[in-house]
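Everything on this sheet refers to the single structure shown next.
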Amino acid sequence: MHVTHLSLADFRSYARVEVPLGPGVTAFVGANGQGKTNLVEAVGYLASLGSHRVSSDAPLVRMGAERAVIRAAVTQGERSQLVELELNPGRANRARINRSSQVKPRDVLGIVRTVLFAPEDLALVKGDPGERRRFLDELVTARSPRMAGVRSDYDRVLRQRNTLLKSAAMARRHGGRGMDLSTLDVWDQHLARVGAEMLAQRGDLIALLGPLADKAYEQLAPGGGPVVLEYRSSASAAGEAAGGGADPVGVLGREDLYGQLMEALAGVRKQEIERGVTLVGPHRDDLVLRLGQLPAKGYASHGESWSFALALRLASYDLLRAEGNEPVLVLDDVFAELDTRRRERLAELVLPGEQVLVTAAVDDDVPGVLAGARFRVADGAVERA
């Protein structure tokens with residue numbers, strides 16, 4: 001799969017830009033602040049309905065404009081599709097596939113798939129658990145686009161449940177009579193049912209991703225591993241605290257996960273009512289990254305952390321490719337962050353990709369092995385070099 005044409009209107013710094021693309025390597029070279037990352041950010045948005053740089057759509061719309069449009073022509077085998085997203089901050093976004101307006105934005109998921117390497121990836125190792133949960137869930141959705149709906153359902157149930165708990169906590173603090181919490185049982189069931197599906201998908205993913213990440217790390221830093229991915233479940237932790245078992249997520253079926261979540265929610269209900277927030281569930285879990293016997297966070301050096309983050313992205317690429325839909329590889333200003341050895345190894349590993357998009361501040365940041373089409377990006381213009 002590869003993108004053959006990218007068109008942007010009022011996206012970030014671009015009033016309008018048209019960029020012809022093709023298979024192989026394409027590099028966008030330009031000084032910082034000229035808009036090269038905006039181009040690959042748009043491609044990534046089509047794949048995930050989100051940006052790797054910001055958490056909301058408002059910064060993606062050019063100042064003074066009401067909306068932004070991302071349009072891309074995509075080829076997979078002998079099939080071509082035109083996918084378009086209209087970003088409307090504060091209102092519902094719109095989507096079209098092959099110029100049909102009868103689709104929801106999440107219907108475009110799966111048409112474009114990307115694996116994106118960026119300086120922000122260091123947060124996968126050094127950042128908070130939310131970064132690692134996002135990594136897992138975006139990859140789960142890339143493998144199975146229907147999971148976008150499951151994640152949306154979970155967020156909705158979580159908001160409703162937290163609202164009920166917050167109201168109960170406020171009533172309790174102000175000395176009022178206890179609220180009727182009979183509906184909390186219903187929300188528990190909803191949360192556990194949708195949460196169990198998320199946990200099952202995450203568990204399946206980690207089982208497949210772990211060996212691939214270990215292999216990729218060995219390729220980037222020979223002899224430096226092994227690396228281990230370990231899922232830390234808040235529901236399991238709650239069970240352990242209550243003196244119960246703590247079966248790992250990856251070995252449990254959906255019904256067992258549902259039961260584990262229900263039991264954990266019952267066990268922490270008193271604390272949840274006191275604090276006014278849901279304390280167990282996929283939104284509280286973490287992916288623990290181990291390098292040898294130690295957690296990478298806090299113990300790995302800067303170079304080791306970079307290698308671990310790159311290994312996770314390479315493993316993601318290998319997994320998606322093995323499942324039949326090779327993603328676009330995006331390397332956003334990542335080579336400037338690496339020493340010469342890691343730069344060369346990464347370039348060799350991504351070179352066979354069907355489509356590789358690279359951004360760099362200067363030509364020398366693009367390894368020589370990644371020869372291909374090259375564009376200059378400056379003053380809002382994108383021109384072939």
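Annotations
- Qualifying positions in the range 284-301 - surrounded by 17 or more Cβ atoms within 10 Å (Cβ to Cβ) and not in a strand (DSSP E or B): 284, 285, 296, 297, 300
- Looking only at residues in the range 102-144 that are open to solvent by less than 30 Å² (accessible area, probe 1.4 Å) and charged (D, E, K, R), the one that is nearest to residue 356 (Cα to Cα) is 121.
- Every listed requirement among (1) at pLDDT 95 or above; (2) farther than 14 Å from residue 231 by Cβ is met by residue 179 save one, (1).
- Of the strands (runs of 3 or more DSSP E) contained entirely in the range 339-385, those carrying at least 1 residues that are open to solvent by 50 Å² or more (accessible area, probe 1.4 Å) fall at 373-378, 381-384.
- Residues that are of a type in the set (Lys, Arg) and open to solvent by 40 Å² or more (accessible area, probe 1.4 Å) do occur in the range 44-63, at least one of them.
- Against the criterion of being in contact with a helix residue (DSSP H, G or I) (Cβ under 6 Å, 6 or more places away or on another chain), over 19 Å from residue 194 (Cβ atoms) and either among the aliphatic types (A, V, I, L, M) or not in a helix (DSSP H, G or I) (or both), residue 115 qualifies.
- Restricting attention to the range 318-335 and to residues that are without any contact (Cβ under 8 Å) to a residue 60 or more places away in the chain and touching a helix residue (DSSP H, G or I) at 6+ places or on another chain (Cβ under 9 Å), the residue that is least open to solvent (accessible area, probe 1.4 Å) turns out to be 335.
- Candidate set from the range 179-209 (those that are of a type outside the set (A, V, I, L, M, F, W, C), assigned to a helix (DSSP H, G or I) and out of contact with any helix residue (DSSP H, G or I) (no Cβ under 8 Å at 6 or more places or on another chain)); member that is surrounded by the fewest Cβ atoms within 10 Å (Cβ to Cβ): 182
- Enumeration of residues in the range 264-283 that are in a helix (DSSP H, G or I) and either open to solvent by less than 20 Å² (accessible area, probe 1.4 Å) or over 28 Å from residue 206 (Cα atoms) (or both): 264, 265, 269, 270, 271, 272, 273, 274, 275, 282
- Only one of 32, 38 that is modelled with pLDDT under 95 and within 18 Å of residue 383 (Cα to Cα): 32
- Residue ID - nearest to residue 357 (Cα to Cα), chosen from residues in the range 8-25 that are within 23 Å of the chain's Cα centre (by Cα) and open to solvent by less than 10 Å² (accessible area, probe 1.4 Å): 8
The values are calculated or read from the model by the stated rules, or taken from the named source; none is laboratory data. Note that the coordinates shown come from a computational prediction; the quantities given were computed from them, not determined experimentally. As a convention, Cβ positions derive from the backbone with ideal geometry for all residues, glycine included, and neighbour counts pool all protein chains shown. For the accessible areas, the whole protein counts, side chains as well, though only heavy atoms, and no ligand, DNA or RNA atoms are used. Shrake-Rupley method; radii C 1.70, N 1.55, O 1.52, S 1.80 Å.
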